[in-house]
Amino acid sequence: MPLWGGARLTLSAETRLRYDSHRSSSSDAGGEVRQGLFRGVVGADLRLHPSVRLFGEIGTGQVTERRWAAAASLQNDASLQQLFVDVRAPAGAMLLGAMVGRQEFSDGPRQLLSVGDGPNVHRTWNGVRVYAHARRFRLGTFDLKVTRPGRGPFDEEVDGDERIRGLNGSFIVRGGAGRSDVYLDPFWIHSENASYRSGGRVGRDDRDTWGARLWGRSGDWSFDVTLARQSGRFMEREIDAWGAFAVLGVSLGDADWKPRLGAHVDLASGGGAYGSGTLEGFNPLYASSGHLGEGRFLSTSNLLLVAPGITVSPTPATRLAVEYGFAWRLAEHDAAYAGGMRAYPGTEKVPGRGIGGLLRVSATWTVADGLTLSCGYERLAAGEALERARLPSGAYGYAGATYRY
């Protein structure tokens with residue numbers, strides 16, 4: 001919308017309704033939880049000048065069951081989600097800029113950094129991001145403190161005890177030739193968390209995660225490969241951990257249903273959480289809850305997961321995906337981990353590497369511009385490690401609708 005002096009205002013909104021049914025496999029009770037969730041977000045983008053813009057978002061989150069016990073990321077009367085200024089200016093052949101204030105942050109591999117789309121209220125950060133863009137590369141640096149939401153209206157706080165800082169970039173290795181593009185994204189992330197949990201202990205975790213992501217496509221093939229190394233200290237202990245993630249896919253042509261075969265492999269070190277000496281468990285930092293499934297049966301720590309699958313589109317507006325993952329733990333003396341680095345209780349005391357088999361089925365239907373319906377089902381069939389710890393299989397199902405304006 002045009003305003004005075006060439007300024008422009010753009011409004012946006014998102015509404016998400018979802019119903020979840022979750023039968024836990026992380027306790028011997030195996031109880032089932034059913035819950036309705038609502039997300040509402042309104043935003044405004046005010047471009048005062050081609051070099052200056054202000055952006056803000058206000059969100060709310062509601063649940064239908066056990067509202068008094070729900071986390072603030074699920075039950076939240078009102079939250080200032082984002083409020084930042086973005087200033088940019090050309091410098092020769094480059095574009096230099098900075099974003100200052102409260103903002104969402106997601107860059108690089110989603111196995112490490114995401115906005116946390118599963119809950120009703122996204123994870124946000126406070127601080128500064130500086131970037132430089134050129135024709136064949138981009139570089140960035142950031143220093144951000146986490147937002148700690150409250151359940152009341154506008155009662156979130158900036159928590160300096162949990163923060164990230166680092167460097168990231170992206171270089172065009174090959175691009176511009178039709179369906180063949182390849183990118184290399186190096187990164188370094190320094191994370192600090194005064195309340196990190198490992199092996200039943202809670203303490204300060206200062207960790208450096210560095211590595212690179214190579215991703216792109218070549219004809220009908222697509223690939224996304226990340227290698228990461230972690231060092232630092234958890235309380236008084238040294239950290240020595242690593243992770244490797246790969247997502248591969250190939251289109252089988254433009255025939256009816258447009259089938260596409262794919263697979264992802266997640267490999268993350270484990271060990272040392274329940275002993276002394278070096279801590280070898282990989283910390284997935286702020287990984288996407290949707291990467292391994294919003295049932296959150298697995299975390300990328302002490303894990304080897306191989307998950308082949310197929311995706312089809314019965315119509316241009318629909319998509320159906322099915323995959324089955326085989327999950328093992330690498331270190332038997334360390335636990336198997338559910339989402340959010342919650343250890344499956346007792347698994348650190350029993351032998352066996354098999355965590356289980358994870359079936360995931362999902363479907364989406366774009367009804368109209370901005371309106372999408374979705375549903376899905378996941379089941380973790382308990383393997384030998386869970387069975388020996390007397391933990392049951394788990395299941396998760398959901399149905400939802402999202403409207404974006």
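Rule-based calculations on the coordinates, nothing more; no lab input. Worth saying up front: this structure is predicted, and the values here are computed from it rather than measured. Note that each Cβ is placed from the backbone with ideal geometry, even for glycine, and that neighbours are counted across all protein chains shown.
Its Cα centre serving as origin, the range 271-405 has a Cβ charge dipole (Lys and Arg +1, Asp and Glu -1) of approximately 160 debye. Here E14 and V100 are evaluated by their C-beta separation; at R0 = 25 Å the FRET efficiency comes out at 0.55. Note on the chain: Kirkwood hydrodynamic radius from all Cα pairs is 22.8 Å, rounded to one decimal.
For the options T318, T347, T300, a Gaussian network treatment of the chain with springs between C-alpha atoms closer than 10 Å singles out T318 as fluctuating the most. Across G253, G61, G108, mean-square fluctuation computed from a Gaussian network of the chain (C-alpha pairs under 10 Å connected) peaks at G253.
Computed from the mean reciprocal separation of all distinct C-alpha pairs, what Kirkwood hydrodynamic radius does the range 1-76 have, in Å? Answer for the range 1-76: a Kirkwood hydrodynamic radius of 15.4 Å.
Here the Kirkwood formula, the inverse mean of 1/r across different C-alpha pairs, assigns the range 338-405 a hydrodynamic radius of 14.2 Å.
Can you compute the charge dipole magnitude of the range 4-404 about its Cα centre, using +1 on each Lys and Arg Cβ and -1 on each Asp and Glu Cβ, nothing else charged? Give it in debye, rounded to the nearest 20.
Taking the Cα centre of the range 4-404 as origin, the dipole is about 540 debye.
Considering only G394, W188, V306, whose Cα is most displaced toward the positive end of the charge dipole of the range 4-404, charges sitting on Cβ of Lys, Arg (+1) and Asp, Glu (-1)? With unit charges placed on the Cβ atoms, the residue in question is W188.
Going from the fewest other Cβ atoms within 10 Å to the most, the residues L96, L292 appear in the order L96, L292. Note down the Stokes-Einstein diffusion coefficient of the range 311-376 in µm²/s, whole number, using a Kirkwood radius over alpha carbon pairs, 10 °C, and 1.306 mPa s. The estimated diffusion coefficient comes to 109 µm²/s.
When the Cα positions of V146, L83, L371 are compared along the charge dipole of the chain, L371 comes out farthest toward the positive end, with charges on each C-beta of Lys, Arg, Asp and Glu.
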